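**Student:** Before I ask anything, here is the structure I am working with.
Read-outs: derived from the displayed coordinates by stated rules, not from any lab. A quick note: this is a predicted structure, and the numbers were derived from the prediction, not measured. Here the Cβ is made from the backbone with ideal geometry for all residues, glycine too, and neighbour counts use every protein chain on show.
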Amino acid sequence: MIKVGDRIPSVKLKHMTADGPKDLTTDELFKGKKVVLFALPGAFTPTCSAKHLPGFVTKAGEIKGKGVDTIACLSVNDAFVMNAWGKDQKVGDKVLMLADGNGDFTRAVGLEMDGTGYGMGKRSRRYAMVVQDGVVKTLNVENPGAFEVSSAEAVLKAL
């Protein structure tokens with residue numbers, strides 16, 4: 001598993017644009033920026049939709065006020081699902097919705113979760129990290145089934 005002080009691996013993610021899904025490399029996302037990246041098991045799932053993403057939408061101004069350039073939400077879903085979920089959650093430009101459709105990033109950082117018992121396949125664990133110029137500065141990984149250390153409030157305290 002990735003840890004504080006490690007460099008983010010170079011991986012291709014997807015995000016939705018007005019022209020359709022586009023690639024976004026982790027190098028482009030993190031280079032020269034302070035980024036809060038939070039990940040969750042799935043779009044439209046209960047805790048993710050009721051608490052995790054809404055917290056970052058609500059607290060986006062406070063988080064960006066602490067010098068954060070980008071707040072990004074990542075899930076092992078496709079760009080179409082992440083876009084639809086962002087619209088459903090009224091994210092606007094507060095949170096960048098990132099698709100790790102094949103789980104490449106999630107595997108590369110060692111934060112994969114096996115949800116096959118729930119019919120979900122391989123997904124991301126729930127976590128939040130602060131990344132400065134491609135280097136992990138804080139990493140808060142949840143225990144299975146928990147939602148405590150990766151919330152927007154917890155990230156604000158760490159900034």
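**Student:** If you rank Thr47, Thr17 by fewest surrounding Cβ atoms within 10 Å, what's the result? All intermediate terms of the calculation are to be shown ahead of the outcome.
**Tutor:** Working: Thr47 16, Thr17 11.
Going from sparsest to densest Cβ surroundings: Thr17, Thr47.
**Student:** While we're looking at this one, here's another question. Please arrange Cys73, Cys48 by how many other C-beta atoms lie within 10 Å of their C-beta, fewest to most. Write out the running numbers ahead of the final one.
**Tutor:** Details: Cys73 27, Cys48 22.
With the sparsest Cβ surroundings first, the list reads Cys48, Cys73.
**Student:** Based on DSSP H runs of at least 4 residues, each adding -39500 (n - 2.57), what is the mean residue ellipticity at 222 nm of the chain after dividing by all its residues, to the nearest 500 deg cm²/dmol? Before the final figure, lay out the partial values.
**Tutor:** Values: 6 runs with 38 residues, N = 159.
The helix-only estimate for the chain comes to -5500 deg cm²/dmol at 222 nm.
**Student:** Which value in Å is the Kirkwood Rh of the range 55-117 over different Cα pairs? All intermediate terms of the calculation are to be shown ahead of the outcome.
**Tutor:** Numbers: mean 1/r = 0.0777 Å⁻¹.
Answer for the range 55-117: a Kirkwood hydrodynamic radius of 12.9 Å.
**Student:** What is the range 12-158's relative contact order, in percent, from Cα pairs under 8 angstrom and six or more apart in sequence? Walk me through the numbers before you get to the answer.
**Tutor:** Working: 284 pairs, mean separation 42.7, N = 147.
Computed over the range 12-158, the figure is 29 percent.
**Student:** Leaving out same-chain residues fewer than 8 places away, which lysines sit with a Cα under 18 Å from that of Lys137?
**Tutor:** Excluding near neighbours in sequence, the set is Lys3, Lys31, Lys33, Lys34, Lys64, Lys66, Lys157.
**Student:** Would you be so kind as to identify which of Ala43, Leu74, Val95 lies farthest towards the positive end of the dipole of the range 12-158, taking Lys and Arg as +1 and Asp and Glu as -1 on Cβ and the Cα centre as origin?
**Tutor:** Val95
**Student:** Which whole-number value in Å³ per residue fits the convex hull of the alpha carbons of the range 11-55? Working shown, then result.
**Tutor:** Values: hull volume 4.8 nm³, N = 45.
Taking only Cα atoms, the range 11-55 has a hull volume of 106 Å³ per residue.
**Student:** Exposure proxy check: Ser151, Ser49 ranked by fewest other beta carbons within 10 Å? The partial results should precede the final answer.
**Tutor:** Numbers: Ser151 20, Ser49 16.
By the 10 Å Cβ count, ascending, the order reads Ser49, Ser151.
**Student:** Tell me the label only: which of (1) -0.57, -0.90; (2) -0.44, -0.71; (3) -0.51, -0.81 is log10 I(q)/I(0) by the Debye sum over Cα atoms at q = 0.12, 0.15 Å⁻¹ as calculated from this structure?
**Tutor:** (2)
**Student:** Taking the Cα centre of the range 12-158 as origin, sum charge times position over the Cβ atoms of Lys and Arg (+1) and Asp and Glu (-1), and report the length of that vector in debye to the nearest 20. Working shown, then result.
**Tutor:** On the way: 20 positive and 17 negative charges, 59 e Å.
It comes to approximately 280 debye.
**Student:** Give me the percent relative contact order of the range 1-91, please, defined on Cα pairs under 8 angstrom at least 6 residues apart. Each step should come with its number before you reach the end.
**Tutor:** Working: 91 pairs, mean separation 28.8, N = 91.
It comes to 32 percent, rounded to a whole number.
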